[in-house]
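To keep things clear, I will list the structure first and then write my remarks on it.
The values are calculated or read from the model by the stated rules, or taken from the named source; none is laboratory data. Quick caveat, the model's predicted, so the values are computed rather than measured. So basically every Cβ, Gly included, is an ideal-geometry build from the backbone, and we count neighbours across all protein chains shown. Surface accessibility is based on the protein's heavy atoms, side chains included, excluding ligands, DNA and RNA. Shrake-Rupley method; radii C 1.70, N 1.55, O 1.52, S 1.80 Å.
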Amino acid sequence: MNAPQPFQEPTVNSRPTFLTTLALTAAAALTLSACGSGDDKAGGTQAEDGNKPTSPSASAAASPDRPKIELPPDLTLTFEGGETGDPVKDAILADSAERMRAVDAAITGTDPEGKALAFYNTGKALKAAQDWVAQFDEAGATVTGEARYYDREVSLRGEDSATLIFCADESKGFSKDKRTNEIHKTPVTKNSYVLYNTRLDKNADGVWRTSQIVSTRGAAQCQP
């Protein structure tokens, strides 16, 4: 079975078309249906606010009940603009970052039971994410390299709901064969840059869980 593209989840109602080889394009776009869904040594994660490193797990650090997410050393996720000065928006940005990390933790095997995946996703978004992780497992593939998330803008929709729009540079993210460790590198194109439009809803425990995600591959506003 051929592997899906790195960082690109399927729609809620259908599975994506697989490539004819294990080579996965770096121009990945996470797509869920609109009706549905400093370097961290342990987790391979870095967050930045201008030139000042900040933790993408600001909200996670505040609660011992949150799952600890670790990523393999060959995978680095960078989240820019983690501090806005508004504690609510900062919590949303932090939980969104944890959500993205949780998906990759499940794919790479550092969270084989998907506990963080279930913690930071809900509804159809959770189901689609779980299906996506299963496709990597069936294909014997994982992800490696780097992904950078930037221009993250939060809009509040009341006390318990918000939208978060952001861009992703996935030009340095690749697939890796679990058995041979062969990395399948692909050329950089405009589709290496992705626009994400997400919705997050706060649950009773104060966690901002992703419920909807729509993406646009090759979006003009995300191009370098």
Residue match in the range 71-78 (condition: at pLDDT 95 or above, open to solvent by less than 60 Å² (accessible area, probe 1.4 Å) and within 20 Å of ALA162 (Cβ to Cβ)): no
Residue within the range 95-103 that is closer than 19 Å to TYR196 by Cβ, modelled with pLDDT of 95 or more and either in a loop (DSSP other than H, G, I, E, B) or touching an Asp or Glu at 6+ places or on another chain (Cβ under 6 Å) (or both) present: no
Matching strands (runs of 3 or more DSSP E) fully within the range 169-224 where at least 3 residues are open to solvent by 30 Å² or more (accessible area, probe 1.4 Å): 193-202, 208-217
Residue count for the range 155-168, restricted to those that are open to solvent by 20 Å² or more (accessible area, probe 1.4 Å) and either out of contact with any helix residue (DSSP H, G or I) (no Cβ under 9 Å at 6 or more places or on another chain) or farther than 21 Å from ALA204 by Cβ (or both): 6
Test for GLN135: is it in a helix (DSSP H, G or I), within 26 Å of ASP177 (Cβ to Cβ) and open to solvent by 10 Å² or more (accessible area, probe 1.4 Å): no
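Is the range 129-151 home to any residue that is charged (D, E, K, R), within 30 Å of ASP205 (Cα to Cα), at pLDDT 95 or above and within 16 Å of the chain's Cα centre (by Cα)?
The answer is yes; a qualifying residue exists.
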Selection count, the range 184-217, where residues are over 25 Å from LEU117 (Cα atoms) and touching a strand residue (DSSP E or B) at 6+ places or on another chain (Cβ under 8 Å): 4
Matching residues in the range 178-208 - criterion: being over 28 Å from PRO73 (Cβ atoms) and basic (Lys, Arg): LYS190, ARG199, LYS202
